[in-house]
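Asker: Below: one structure in structure tokens.
Read-outs throughout are calculated quantities, based only on the coordinates presented, and are distinct from any laboratory measurement. All values derive from a computational prediction rather than experimental measurement. When we count neighbours, we look across all protein chains shown, and the Cβ atoms used for this are built from the backbone with ideal geometry, even at glycine.
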Amino acid sequence: MEKAATKPYFMREVPGKGKGLIATSKIPKGTRILSEAPLFQVSSVEIGPDVLEALIVSELHHLTKDQKRAYVSLCNLYSKESEVRSIFGIAKTNLLLFGTHEPEGGLFLEMSRMNHSCRPNTHYNWNNKTERLTIHALRDIQDGEELTVSYMTQTGPPVHRLKFLENCFFFHCGCELCGLPPGASEESDMRLLEIAAIEHELEDGNGTFYYAKALALLREMFAVFREERIWDQSIPKVHVVAFQIACMYADERRAKIFAQRALEVRVVIEGEDSLEVAKLKGYVENRSQHASWQLRGRSPPDEVVRMEGSEVDDWLWGKMTLEAALNG
Ligand SMILES: C[S@@+](CC[C@H](N)C(=O)[O-])C[C@H]1O[C@@H](n2cnc3c(N)ncnc32)[C@H](O)[C@@H]1O
């Protein structure tokens, strides 16, 4: 993983979105663009307005003049609601949860300037080890491109995305994906609907599928992610699920490759120092430590034979038996 030497971006007005961050040079995929400590942390973003406001006022006392100035200049979604005071409105707009299932959050001055995209070019992660927020490039980013993150935990069909962003963040999304011309938009919509349908099928069939069916669904989902140019946490997630399923059947060879692939993409989006990366490294070394190891018995082991290129993928995702992969 490469680390940007100096800030590879600057802030400017972006039409229709307020301020945003713009790349000042080409940023290769996997680059750590930002590693930011929180201005302050809160134990829960869900605490009542009065308690939260009192907490922030006390935090602001510890800040420098420049930090205070930067805080009050942040975006405030609640500025039109007279009963919401601006200190609280700014916090509500910009506080970021450390994890989807964790109540804790923090306020990050730089990250707060990043706009949302339904097809983002960066990924953010709270690193519990370094206690910093990191931003990594999901793909090569060109000089002059806006740096974007997703405010959603996963993508979905446009009606759901737009409704979610309007309800939770009070804006109408003006990202590249939501602004696609009708033809291109329909193709993307179809792919996103297909992903949602596969996710449902996997959830519904959880526990009842045959191994091959589960792998086939995951393979299909991965292919659609690639077509749709989704490179975010969905990619390691697909590989982690495939790894868990391979573990259930004690399928040693596939489990190792899925763990390795999940690890490679996790490093791109979170960096070598992420705890999740450390966990995956452990699984690459020792698959049978996984809690689901052999829960469904043991799949007949494939013979160890040399395979090349697409043969490996066809075999890995269960598209072909080892024999068919080798006999073309
Ligand atoms: C956390 S702030 C991001 C930085 C903000 N643009 C600023 O000027 O500080 C979130 C706000 O930015 C705007 N925004 C972010 N992503 C957007 C998008 N995709 N389309 C339109 N507005 C967006 C919305 O007003 C949203 O409430």
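Asker: Counting pairs of alpha carbon atoms under 8 Å apart in space and at least six apart in sequence, what relative contact order in percent does the chain give?
Answerer: On the way: 500 pairs, mean separation 55.4, N = 328.
Over the chain, the number comes to 17 percent.
Asker: What dipole magnitude, in Debye to the nearest 20, does the chain give about its Cα centre under +1 on Lys/Arg Cβ and -1 on Asp/Glu Cβ?
Answerer: Details: 39 positive and 47 negative charges, 141 e Å.
Result for the chain is approximately 680 debye, rounded to the nearest 20.
Asker: Against the longest principal axis of the chain, how steep is helix 49-61, in degrees 0 to 90 to the nearest 10, with axes from Cα atoms?
Answerer: That helix lies at roughly 70 degrees to the long axis.
Asker: Now for a different question. For GLU36 and GLU272 in one chain, what is 0.36 nm times their gap in residues minus the Cα-Cα distance, to one decimal in nm?
Answerer: That works out to 83.3 nm of additional length.
Asker: Mean-square fluctuation check for the chain, GNM, Cα pairs under 10 Å: which of THR130, THR148, THR122 is largest?
Answerer: Of THR130, THR148, THR122, the Gaussian network model singles out THR130 as fluctuating most.
Asker: If you take the charge dipole of the stretch 9-156 about its Cα centre, with +1 on Lys and Arg Cβ and -1 on Asp and Glu Cβ, which of PRO49, ILE27, LEU107 is farthest toward its positive end?
Answerer: So the residue we want is ILE27.
Asker: Please list, by residue number, every one of the chymotrypsin sites (Phe, Trp or Tyr not before Pro) in the stretch 113-192 that is coil in DSSP and has at most 13 other beta-carbon atoms within 10 Å. If you can, show how the numbers build up before the last one.
Answerer: Details: sites: TYR124, TRP126, TYR151, PHE164, PHE169, PHE170, PHE171; in loops: TYR151, PHE170, PHE171.
Qualifying residues, ordered by number: PHE170.
Asker: If R₀ is 25 angstrom, what is the calculated FRET efficiency for the pair SER288 and LYS29, using the beta carbon separation as r and rounding to 0.05?
Answerer: Efficiency for this residue pair is about 0.15.
Asker: May I ask you to list the GluC sites (Glu not before Pro) in the stretch 212-302 that are in a DSSP loop and have at most 14 other Cβ atoms within 10 Å of their Cβ?
Answerer: Answer by residue number: GLU272.
Asker: Still on this structure, I have one more. Remind me, relative contact order of the stretch 57-212 in percent, using alpha carbon pairs under 8 angstrom and six or more residues apart?
Answerer: The value is 16 percent.
Asker: I'd like the orientation of helix 234-248 relative to the chain: the angle between its Cα long axis and the longest Cα principal axis, in ° from 0 to 90, rounded to 10.
Answerer: Tilt of helix 234-248: around 40 degrees.
Asker: Just the number, please: Stokes-Einstein D of the stretch 182-327 in µm²/s, Kirkwood Rh from C-alpha pairs, 4 °C, 1.567 mPa s.
Answerer: D, rounded to a whole number, is 80 µm²/s.
Asker: How far is helix 275-285 tilted, in degrees, relative to the longest principal axis of the Cα atoms in the chain, given as a value from 0 to 90 rounded to the nearest 10?
Answerer: Once rounded, the angle reads 10 degrees.
Asker: Using the beta-carbon distance between HIS200 and THR100 and R0 = 22 Å, what value does 1/(1 + (r/R0)^6) give for FRET efficiency, to the nearest 0.05?
Answerer: Numbers: r = 19 Å, r/R0 = 0.88.
According to the calculation, E is roughly 0.70.
Asker: What's the tally of Lys pairs in the stretch 182-327 whose alpha-carbon atoms lie under 26 angstrom apart, where the two lysines are 8 or more places apart or on different chains?
Answerer: 10
Asker: In nanometres, what is the gap between the two model label sites at HIS160 and LEU295, each 7 Å from Cα along Cα-to-Cβ?
Answerer: Label-label distance for HIS160 and LEU295, simple model: 2.3 nm.
Asker: Given charges of +1 on the Cβ of Lys and Arg and -1 on the Cβ of Asp and Glu, with all other atoms neutral, how large is the dipole of the stretch 182-327 about its Cα centre, in debye to the nearest 20? It would help to have the intermediate numbers written out before the result.
Answerer: Working: 18 positive and 27 negative charges, 132 e Å.
Approximately 640 debye in magnitude.
Asker: Assign unit charges at the C-beta atoms only (+1 for Lys and Arg, -1 for Asp and Glu), then state the dipole size of the stretch 9-156 relative to its Cα centre in Debye, rounded to the nearest 20.
Answerer: The calculated dipole for the stretch 9-156 is roughly 480 debye.
Asker: Per DSSP helix of 4 or more residues, -39500 (n - 2.57); summed, then divided by the residues of the chain. What does that give at 222 nm, rounded to the nearest 500?
Answerer: -13500 deg cm²/dmol
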